[in-house]
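See below for the structure under consideration.
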Amino acid sequence: MSQKQLKTNLAEGILTITIDRADKMNALNIALIEELGQAIEEVYENDQIYGAIITGDGEKAFAAGADIAEFANFSPVEGRQMSEKGHAVFNRIEACPKPIVAAVNGFALGGGCELAMACHMRIASEQARFGQPEVNLGIIPGYGGTQRLPLLIGKGKAMELIMTADMVKADEALRLGLVNHVVESGELMAKCEEILQKIFSKGPAAIAGVIRCVNAFQKADGYPLEIEGFAGCFGTDEFKEGTTAFVEKRKASFR
Ligand code: COA
């Protein structure tokens, strides 16, 4: 798929990256992940860009996860490649020396929640909903969620959210520490811009150092294990039932 699925806009040092697939709840297909990777490289390289905001088009979704219709027939090898690609791009977001903020305007589920968590901060609108619903599909989170969710909200609550696939509303996400601020939807972008402009007034090398060192705090490295576990789910009966049920718009029956 070569059509562009991201919109970008550069103003006042901020590159706003908007996932532009509102008709599919901004679900992240492989081509979109690649495009996102290119946009992030632009943030690294372009001296006119001091920081970035990642958001989703439309009223409903930030990103409702990886594209289930696309990966439903993936083999374990393809599942591994998919997970490795997502990890590579999300790690570049996390390691970016310039601040990157997620403006979560709606559903942030699965890969969408993982994308938001890879950003340095998350600002949510009151409509935002967060969750890791992968087990509904017979898989585990594959874009860093098993590692970043416990880091942000603690192991016990992360275990609960990932194993139950429960969604949390914006106010609960704030209470858990999953998001930094919750604002009315009309104020979402302005709040992100305000925080970024404040950061831009500081020394850029110091900010890059903060990002590098705070990231170093977290390095118990379960990420390769997650890629292994994610790939291992593909092709199983659970995976077939979970993804087929989503595509057929019915509830999965695992036993
Ligand atoms: N992958 C592929 N397509 C998706 C998708 C995803 N992750 N999430 C939503 N879509 C598509 C739907 O299939 C639908 O397409 P259609 O109009 O061609 O039928 C469209 O986006 C609108 O979604 P719909 O489910 O009709 O909207 P809703 O308001 O009833 O429900 C959600 C919204 C987000 C609760 C629901 O779409 C959902 O549960 N999505 C999957 C979330 C998920 O499991 N993510 C983890 C993936 S690993």
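How charged is the neighbourhood of Ala173? Take every other residue with its Cβ under 10 Å from the Cβ of Ala173, and add Lys/Arg as +1 and Asp/Glu as -1.
Details: positive: Arg122, Arg129, Lys169, Arg175; negative: Asp171, Glu172.
Once all neighbours under 10 Å are counted, the net charge is +2.
With springs only between Cα atoms under 10 Å, which of Leu174, Leu28, Leu36 fluctuates most in a Gaussian network model of the chain?
So, out of Leu174, Leu28, Leu36, the one fluctuating most is Leu174.
Using the Cα gyration tensor of the range 23-104, with a ≥ b ≥ c the square roots of its eigenvalues, what is the shape: rounded (a/c below 1.5), prolate (a/b larger than b/c) or oblate (neither)?
Numbers: a/c = 2.72, a/b = 1.42, b/c = 1.92.
Oblate is the answer for the range 23-104, as a/c is 1.5 or above yet b/c matches or exceeds a/b.
List the residues whose amide H sits under 5 Å from the amide H of Ile53, counting only those 5 or more places along or on another chain, with H placed 1.01 Å from N in the peptide plane.
Leu15, Thr16, Ile17, Val101
Order these by the 10 Å Cβ neighbour count, fewest first: Asp221, Asp20, Asp67.
On the way: Asp221 9, Asp20 18, Asp67 22.
Going from least to most buried by this count: Asp221, Asp20, Asp67.
What order do you get for Cys192, Cys213 when you list them from fewest to most C-beta neighbours inside 10 Å? Write out the running numbers ahead of the final one.
Values: Cys192 28, Cys213 9.
The most exposed by this proxy come first: Cys213, Cys192.
Which of rounded, prolate or oblate describes the range 140-221 when judged by the alpha-carbon gyration tensor and an a/c cut-off of 1.5? Don't skip to the end; give the middle numbers.
On the way: a/c = 2.89, a/b = 1.28, b/c = 2.25.
Oblate is the answer for the range 140-221, as a/c is 1.5 or above yet b/c matches or exceeds a/b.
If you filter the range 8-116 for GluC sites (Glu not before Pro), then keep DSSP loop positions with at most 11 other Cβ within 10 Å, what is left? List each step's numbers first, then the result.
Working: sites: Glu12, Glu34, Glu35, Glu41, Glu42, Glu45, Glu59, Glu70, Glu78, Glu84, Glu94, Glu114; in loops: Glu12, Glu59.
Those that pass, being in a loop and sparsely packed, are Glu12, Glu59.
Indicate, rounded to the nearest 5 percent, the antiparallel portion of the DSSP beta bridges found entirely in the range 6-186.
25
Starting with the fewest neighbours, write out Val89, Val183 ranked by other beta-carbon atoms found within 10 Å of each beta-carbon.
Values: Val89 23, Val183 18.
With the sparsest Cβ surroundings first, the list reads Val183, Val89.
Would you work out if the range 1-144 is rounded, prolate or oblate? Take a ≥ b ≥ c from the square roots of the eigenvalues of the alpha-carbon gyration tensor; rounded if a/c is under 1.5, else prolate when a/b is larger than b/c, oblate otherwise.
Values: a/c = 1.69, a/b = 1.38, b/c = 1.22.
The shape class here is prolate.
From the phi of every residue in the range 25-30, what ³J(HN,Hα) in whole Hz does the Karplus formula 6.51 cos²θ - 1.76 cosθ + 1.60 yield, where θ is phi - 60° and glycine or proline is x?
Per residue, the Karplus-derived 3J(HN,Hα) values read 6, 6, 4, 8, 7, 5 Hz.
So what's the projected area for the chain, the Cα convex hull averaged over all directions, in nm²? Walk me through the intermediate numbers first.
Values: hull surface 51.5 nm².
Result: a mean projected hull area of 12.9 nm².
So which trypsin sites (Lys or Arg not before Pro) in the range 1-54 pass both tests, a DSSP loop state and at most 16 other Cβ atoms within 10 Å of the Cβ? Show your work: numbers first, answer last.
Details: sites: Lys4, Lys7, Arg21, Lys24; in loops: Lys4, Arg21.
Counting only loop positions with at most 16 other Cβ atoms within 10 Å, the trypsin sites (Lys or Arg not before Pro) in the range 1-54 are Lys4.
Spelling out what I want: for every residue of the range 72-84, take phi, set θ = phi - 60°, compute 6.51 cos²θ - 1.76 cosθ + 1.60 (Karplus), and round to whole Hz; glycine and proline get x.
Result, ordered by residue: 4, 10, 5, 7, x, 5, 5, x, 5, 4, 4, 5, 4 Hz.
With just the Cα atoms defining each centre, how far is the range 49-76 from the range 199-248? Give it in Å.
14
How much length, in nm to one decimal, is gained on full extension between Asn46 and Glu241, taken as 0.36 nm per residue of separation minus their Cα-Cα distance?
Working: separation 195, 0.36 × 195 = 70.20 nm, distance 4.49 nm.
Residue separation times 0.36 nm, minus the Cα-Cα distance, leaves 65.7 nm.
Each value in this text was obtained by applying a stated rule to the coordinates, not by laboratory testing. These numbers were taken from a predicted model, which means no experiment stands behind them. All Cβ positions, glycine included, derive from the backbone under ideal geometry; neighbour counts span all protein chains shown.
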